[in-house]
Amino acid sequence: MLIRIKQGFIKLKFSLDLRHELAADILKNQTKNNHQMIAIEQLKEVGKIWLAWVRLQDHDPAEVTQIFERLKGELDVKLGRGWQKYDPVIKKGRPQSYKKLFQELDSDSQESANALIKYFNEGIPEDAPVSPVIHLILILCVCEVGRGYGQAPDNILAYAHDLIDYPNLTWSSLLDTAGSSPDFAFLCKGDSDEDYKE
């Protein structure tokens, strides 16, 4: 039994080392090719590294935040710990909950859904102002993936397509159904950067 546990830990450590190498390669390629776009997969990778390094092994998140800092370019956001030290939080200048964020997106649900789909397909310009749509993407790809909700970005992308197909839907209506849907269970606890820590 002890041997199996040791082997499992060695595999996890190898996985972490590999993740760091992959993240470094992604960032190197981005700089080398002088791309100005941040790919959704890169953001998800940061979330996965946080999950493995900080949440599962209780290490200091400094390395992960450094990767995020280099990746985010000029985006005016920071990555830090939430009130639970293993929870990643994106700080964007003021406290933000899903409820408040979705109310902002509901000013034009279809336009914001189209923007979200576009960013998922083409990436986020690293010098873009951090709109509610970009903030939502960062929370989903880095924070929710970092908390273990790996399907969160794809679930919201599917919901954005629904918003376009069914104009009577809103972002806020997702919160009303989140409690009864396992696909959106991560929304039930909400998200806030009120207790963000550097």
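Using a Förster distance of 30 angstrom, determine the FRET efficiency expected from the C-beta separation of residue 108 and residue 37, and round it to 0.05.
Calculated transfer efficiency: 0.80.
At each listed q (0.18, 0.21 Å⁻¹), what is the log10 of I(q)/I(0) that the Debye formula gives for the stretch 25-182 modelled as equal alpha-carbon point scatterers?
Computed log10 I(q)/I(0) values: -1.13, -1.46.
With all protein chains present, how much of the accessible area of the stretch 64-198 (probe radius 1.4 Å) comes from carbon and sulfur, to the nearest whole percent?
Details: 3040 of 6360 Å².
Carbon and sulfur: 48 percent of the exposed surface of the stretch 64-198.
Sort largest first and round to whole Å: the equivalent ellipsoid semi-axes of the stretch 72-154, each the square root of five times a Cα gyration tensor eigenvalue.
Details: eigenvalues 79, 41, 38 Å².
Semi-axes, largest first: 20, 14, 14 Å.
The values are calculated or read from the model by the stated rules, or taken from the named source; none is laboratory data. Just so we're clear, the structure is a prediction, and the values are computed from it rather than from any experiment. Note: ideal-geometry Cβ built from the backbone for every residue, glycine included; neighbour counts use all protein chains shown. Heads up: the accessible areas ignore ligands, DNA and RNA and are worked out on the full protein's heavy atoms, side chains in. Shrake-Rupley method; radii C 1.70, N 1.55, O 1.52, S 1.80 Å.
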